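The values are calculated or read from the model by the stated rules, or taken from the named source; none is laboratory data. Small disclaimer: the values here were computed from a predicted structure and weren't measured. Using ideal geometry, Cβ is built from the backbone for each residue, glycine included, and neighbour counts are taken over all protein chains shown.
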Amino acid sequence: MTTEAIEVLDHGLVRLVDHMGSDLSIVRAARVSYDAAWRAGENEKSDNRLINYLWRNKHTTPFEAVTFTFEVRAPIFVFRQWHRHRTQSYNELSARYRELDEVFYVPKAEKIGVQSKDNKQMRDTNVETPWSRHEEVDWYTDHCQKAFKLYRELLASGWPRELARGCLPLSTYSHMFTTLNLRNLFHWLELRLHTHAQPEIRVYADAILKLIEPVVPVATKAFMEDLGYAEGYL
Ligand SMILES: Cc1cc2nc3c(=O)[nH]c(=O)nc-3n(C[C@H](O)[C@H](O)[C@H](O)COP(=O)(O)OP(=O)(O)OC[C@H]3O[C@@H](n4cnc5c(N)ncnc54)[C@H](O)[C@@H]3O)c2cc1C
């Protein structure tokens with residue numbers, strides 16, 4: 001199975017490529033505790049209650065019975081954050097094997113704001129700047145284009161790809177396939193949906209939530225309720 005890609009940022013995407021299991025797999029894995037695995041699916045209400053109970057009480061291993069593979073295109077700085085999560089298996093495009101396309105992320109002027117004064121890692125977009133960010137976005141774009149021009153010149157003069165790439169911006173888009181189970185995906189979502197996460201990764205978390213909801217609707221609802229997200233967030 002492969003689902004339609006959800007477009008994210010200016011050139012990014014996330015797509016559900018494959019999955020194994022469903023809400024039923026979670027119930028079956030849990031019910032084997034009292035040797036009633038094959039009663040899963042007989043009583044929908046009881047199954048749904050069980051999934052909610054399991055998640056709320058951190059009985060998380062049954063959620064490992066469901067696995068997802070996603071295709072992702074995102075800026076390298078987003079991947080730097082994503083790859084901190086060690087409980088996924090991923091493979092990424094290698095700039096040693098091939099020349100990178102000139103595709104880089106440019107933030108929208110109105111989404112830039114200023115460095116937050118209260119939070120060391122975040123931006124503050126509620127502050128009016130006395131000048132427009134549009135011209136600065138043009139400088140940023142120009143700088144990235146110049147970096148790609150240099151990259152191509154170095155390659156043309158025989159530089160190895162593995163060294164020439166060093167002059168490229170962190171905003172350059174990369175491409176990966178990542179596989180992880182639902183327990184670890186919920187952990188990833190909890191951290192990356194959070195308001196403290198960078199907006200450029202939060203949009204991927206939003207998209208992933210939309211992609212998994214049809215596969216595991218009961219578990220997703222239990223997870224979202226436990227996080228305190230209101231009904232209708234999706
Ligand atoms: C808002 C935000 C800001 C961040 N800022 C920074 C930063 O400034 N610098 C920085 O370096 N990182 C930063 N991180 C990354 C963060 O420290 C974690 O590395 C990342 O979120 C992955 O979380 P994790 O280790 O729980 O997930 P995973 O790596 O997926 O691990 C899942 C769980 O498995 C267990 N586990 C996995 N590996 C080990 C291990 N080796 N030992 C013990 N238990 C393990 C833990 O229980 C862990 O919670 C930030 C993350 C967020 C969300």
Next item on the list: Output the residues belonging to segment 41-81 that are within 15 Å of the ligand (Cβ to nearest atom) and surrounded by fewer than 20 Cβ atoms within 10 Å (Cβ to Cβ).
Entry: LYS58, THR60, THR61, GLU64, THR67, PHE77, ARG80, GLN81
Next item on the list: Return yes when THR220 is more than 16 Å from the ligand (Cβ to nearest atom), under 25 Å from ARG123 (Cβ atoms) and surrounded by 19 or more Cβ atoms within 10 Å (Cβ to Cβ) and no when it is not.
Entry: no
Margin query: Step by step: first the residues of segment 112-134, then only those that are assigned to a loop (DSSP other than H, G, I, E, B) and in contact with a helix residue (DSSP H, G or I) (Cβ under 8 Å, 6 or more places away or on another chain), then the one that is surrounded by the fewest Cβ atoms within 10 Å (Cβ to Cβ). Which residue is that?
Written below: SER132
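Quick grid of which residues meet (1) surrounded by 19 or more Cβ atoms within 10 Å (Cβ to Cβ); (2) over 28 Å from GLU102 (Cα atoms); (3) within 15 Å of the ligand (Cβ to nearest atom); (4) within 12 Å of the chain's Cα centre (by Cα):
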{"residue": "THR178", "(1), (2), (3), (4)": "yes, no, yes, yes"}
{"residue": "ASN181", "(1), (2), (3), (4)": "yes, yes, yes, no"}
{"residue": "LEU189", "(1), (2), (3), (4)": "yes, yes, yes, yes"}
{"residue": "ARG192", "(1), (2), (3), (4)": "yes, no, yes, yes"}
{"residue": "GLU200", "(1), (2), (3), (4)": "yes, no, yes, yes"}
{"residue": "ALA207", "(1), (2), (3), (4)": "yes, no, no, yes"}
Note to self: Checking the structure you have, find out if any residue of segment 147-160 is part of a loop (DSSP other than H, G, I, E, B), away from the ligand (no atom under 16 Å from the Cβ) and within 23 Å of THR195 (Cα to Cα).
What the structure shows: no
Next item on the list: Would you check if GLU102 is surrounded by 11 or more Cβ atoms within 10 Å (Cβ to Cβ), over 18 Å from the mean Cα position of the chain (by Cα), more than 16 Å from the ligand (Cβ to nearest atom) and modelled with pLDDT of 95 or more?
Entry: yes
Item checked: Residues (touching a strand residue (DSSP E or B) at 6+ places or on another chain (Cβ under 9 Å) and crowded, with 17+ Cβ neighbours inside 10 Å) located in segment 18-38 -> HIS19, GLY21
Note to self: Every residue in segment 135-176 that is touching a helix residue (DSSP H, G or I) at 6+ places or on another chain (Cβ under 6 Å), hydroxyl-bearing (Ser, Thr, Tyr) and over 13 Å from GLU102 (Cβ atoms), please.
What the structure shows: SER174
Check: Can you name the number of the only condition in (1) of a type outside the set (Lys, Arg); (2) farther than 21 Å from PRO75 by Cα; (3) in a loop (DSSP other than H, G, I, E, B) that HIS196 fails?
Finding: (2)
Note to self: Of all residues being under 18 Å from GLU200 (Cβ atoms) and within 9 Å of the ligand (Cβ to nearest atom) in segment 84-95, which is surrounded by the fewest Cβ atoms within 10 Å (Cβ to Cβ)? Just the residue, please.
What the structure shows: ARG84
